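Inspection log for the structure reproduced underneath, given as structure tokens.
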Amino acid sequence: MTMGLFGTDGVRGRANEGNMTAEMALRLGAAAGRYFRREPGGGGVAHRVVIGKDTRQSGYMLENALTAGLTSTGMNVLLLGPVPTPAVGMLARSMRADLGVMISASHNPADDNGIKFFGPDGFKLSDEAEAEIERLVAEGVRLAEAPNIGRAKRIDDGLGRYVEHAKRSIPAGMSLEGLRVVIDCANGAAYRAAPEVLAELGATVLPIGVAPNGRNINDACGSTHTEAAAEAVVALGADVGIALDGDADRVMVLDAQGRVADGDQLMALFATRWAAEDRLRGSALVATVMSNLGLERYLGGLGIGLHRTKVGDRHVVEAMRRGGYNLGGEQSGHIVMTDHATTGDGLIAGLQFLAEMVQTGRPAAELMQSFEPVPQLLENVRFASGAAPLETAEVRAVIAEAEAALRGCGRLLIRKSGTEPLIRVMAECEDEALLRRVVDTVAGAVRDVA
């Protein structure tokens, strides 16, 4: 087994290879079951876990393997079927489960998949919990005795519970009637839930990306490919577009002309409104190192703090919980509102934006540009298995030169992706020629040794 099983967001990889095989899912299920059940069996206590998934073909394989592993340690498994990732966190807590599991590779292509774990409180696991589960995977676990093996069954009301939960996230009695909304579900986990929520709140729903076939999740659609939503918004005369990713924990919002607002702009809008209404806890927002410098300057001008974390909505949530904050997220579209959800929830964030449109009477275009971003450039460099390009002296020297060039006028951020074999080279600078030169130089140096 390859150690370092858990990445930025659970375990992820290409389906049927490496750490994303049925065998590994079986072992992960058994290890997670043992960790959360603690005792080997008996005691008359019913232990249970909820499992959701997105629409990838490999989800069937991993779902069955996880179920086998979990039941082997005495867990009773409730299978939710395709539901958004935030629904698993919500249902784990509301159904008093010991554990929640989501099978998804989020915004990645269909051939990838992943396994994310949620604790009984509905939040993603800590580094310490993941390390202990990984230890159990490596060492093996003691299985339940025959009378204590768990059961598994599919439940039909999980999706409905999440739909009602999402609807309650906007002010009571508010109607979205009169709004024409394109909703792009990326042929993913929210293909049923999101259109249903919007329709029941009164919007005229114009759905795209709602015909999953196991292979087309995130394929030229969703929050990472907003061209499809932009085209639909313009062609159908919509007031606004909401583009989710494959597991619906990310969102991008589009105005009537198809222009896109990323997570930074959405966080700026919500932070401004919540601060004015005295409901922004700690008078601060939590975001990652990737968020634009323009957001930090904008919030500072309003007396609102910005606390940065490592990339990954799990790190954002951990910082929010430590500091008592209720708003955070990522530029990539994870928006975390702990008043409503335990993790990023693209649908609920989209609903909050629609609520702002209704309450203010302003069009999307006026709400989605709170600040002027500092020019930012990101380039991803793929590297070969086993390579460590950031550890070479040549690359470190080029990075040092680039940092010196940007000192006082911008910033450079270089990191290894936690979900893919990529080095991400990002820089910000108001001198766009310098920005391009720095990114090209660093990315080129990384590529030479990758």
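Looking at the square roots a ≥ b ≥ c of the eigenvalues of the Cα gyration tensor of segment 319-446, which shape do they give, rounded for a/c under 1.5, prolate if a/b is larger than b/c, or oblate? Please list the in-between numbers first.
Numbers: a/c = 2.66, a/b = 1.76, b/c = 1.52.
Judged from the Cα gyration tensor, segment 319-446 comes out prolate (a/c at least 1.5, a/b above b/c).
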- Item | For segment 69-100 and segment 228-297, distance of Cα centres in Å | 29
- Task: Calculate, for the chain, the solvent-accessible area per residue in square angstrom, rolling a 1.4 angstrom probe over the heavy atoms of the protein chains.
- Result: 40
- Query: Carbon and sulfur: what percent of the chain's accessible surface (1.4 Å probe)?
  - Reply: 49
- Restricting attention to the alpha-carbon atoms of segment 286-351, what are Rg (one decimal) and Dmax (integer), both in Å? 11.2, 29
- Message: With a cut-off of 8 Å between alpha carbons and a minimum separation of six or more residues, what is the relative contact order of segment 332-439 in percent?
- Response: 25
- Message: So if I restrict to the alpha-carbon atoms in segment 365-435, what is the Rg, and what is Dmax, the biggest pairwise distance, in Å?
- Response: 14.9, 48
- Query: When N is the residue count of segment 81-139, what does its C-alpha Rg come to as a fraction of 2.2 N^0.38 Å?
  - Reply: 1.20
- Query: Using a cut-off of 30 Å between alpha-carbon atoms, which lysines can reach LYS310, once sequence neighbours fewer than 8 places away in the same chain are excluded?
  - Reply: LYS53, LYS116, LYS124, LYS416
- Task: Go through 10-21, 47-58 and give me the packing order, highest mean Cβ count within 10 Å leading.
- Result: 47-58, 10-21
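Give me the compactness ratio for segment 45-144, meaning the Cα radius of gyration over 2.2 N^0.38 Å.
Here the Cα radius of gyration is 1.03 times the empirical estimate.
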- Message: Please compute the Kirkwood hydrodynamic radius over segment 41-103, one decimal place, Å, based on all pairs of different Cα atoms.
- Response: 11.9
- Of the GluC sites (Glu not before Pro) in segment 113-164, which ones lie in a loop per DSSP and count no more than 11 other C-beta atoms within 10 Å? GLU145
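What percentage of all Cα-Cα pairs in the chain are separated by more than 30 Å?
45
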- State the antiparallel share, in %, of DSSP beta bridges confined to the chain, rounding to the nearest 5. 55
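The values are calculated or read from the model by the stated rules, or taken from the named source; none is laboratory data. Since the structure is predicted, the reported quantities are computational estimates derived from the model, not experimental observations. Positions of Cβ are generated from backbone atoms using ideal geometry, with glycine treated the same way; all protein chains shown enter the neighbour counts. Note: accessible area is taken over every heavy atom of the protein model, side chains too, but ligands, DNA and RNA are not part of it. Shrake-Rupley method; radii C 1.70, N 1.55, O 1.52, S 1.80 Å.
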